[in-house]
1. Of ALA124, ALA165, which residue is under 30 Å from ALA101 (Cβ atoms) and in contact (Cβ under 8 Å) with a residue 12 or more places away in the chain?
2. Grab the strands (runs of 3 or more DSSP E) fully contained in the range 30-110, keeping just those with 2 or more residues being open to solvent by 40 Å² or more (accessible area, probe 1.4 Å) and either at pLDDT below 70 or over 30 Å from SER151 (Cα atoms) (or both).
3. Please state which one of GLY118, GLY114 is open to solvent by 30 Å² or more (accessible area, probe 1.4 Å), out of contact with any strand residue (DSSP E or B) (no Cβ under 7 Å at 6 or more places or on another chain), modelled with pLDDT under 80 and not charged (D, E, K, R).
Amino acid sequence: MNVKSPAGTALLAACLASAAATALAAPATASQARPAAPEPTAASDVPLEVPLSPLSQVLPLEAPTVTTGVPAAAPGMPEGAGRVGEGGLPEVLVPRTPVTAVLPSTNVTASLPGLLGGRPLGTAMLASPRSDVESSTPGATLGDPVSLPQSGVLAALPDLGTPRAALLGPTLSGVVAPGLALLPSDS
């Protein structure tokens, strides 16, 4: 495939330099990046192939292919809901809600044409295996603005205290381990 404009050549050279720098920083062998067989899809994601074929009409090279999945998040039971503090009010005003999801495996492949009409360089492949992600929504607490009545005093009213409002931050944990490979051309 021929790169027809100086801008296209510069773009291709920048992409190649970026791919080479990434490959040198974290080298991956072709066996690590290329899955031997398609992974079984869980019930929590839907397979998806991103339609990029129209790009080949406007780019001076073949369009890349992207296959991935759409994860479906599963919310869990709110944390701390129902616990009552000393004054009869709930300890957590707005409870955190845990959310779990599985990030599906993603594969991106792009053929690398030769610079200035030379022999094709091969195929760049970026693969990310399926991984679990756990998160929780933000929450809020009010502290104990009302305390129990003092003991020994009949018909005592609860004491009022200063509310100690606090926000519980969201959490996110998971591991994504992508691999990049430059596969040689067949010709």
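The values are calculated or read from the model by the stated rules, or taken from the named source; none is laboratory data. From a predicted model like this one, the values you see are computed outputs, not experimental measurements. Neighbour counts run over all protein chains shown; Cβ positions are idealised from the backbone, glycine included. SASA here: full protein model, heavy atoms, side chains in, ligands and nucleic acids out. Shrake-Rupley method; radii C 1.70, N 1.55, O 1.52, S 1.80 Å.
1. Every option except ALA124 fails the conditions.
2. So the answer is 45-50, 65-71, 98-103.
3. Going through GLY118, GLY114 in turn, just one is open to solvent by 30 Å² or more (accessible area, probe 1.4 Å), out of contact with any strand residue (DSSP E or B) (no Cβ under 7 Å at 6 or more places or on another chain), modelled with pLDDT under 80 and not charged (D, E, K, R): GLY118.
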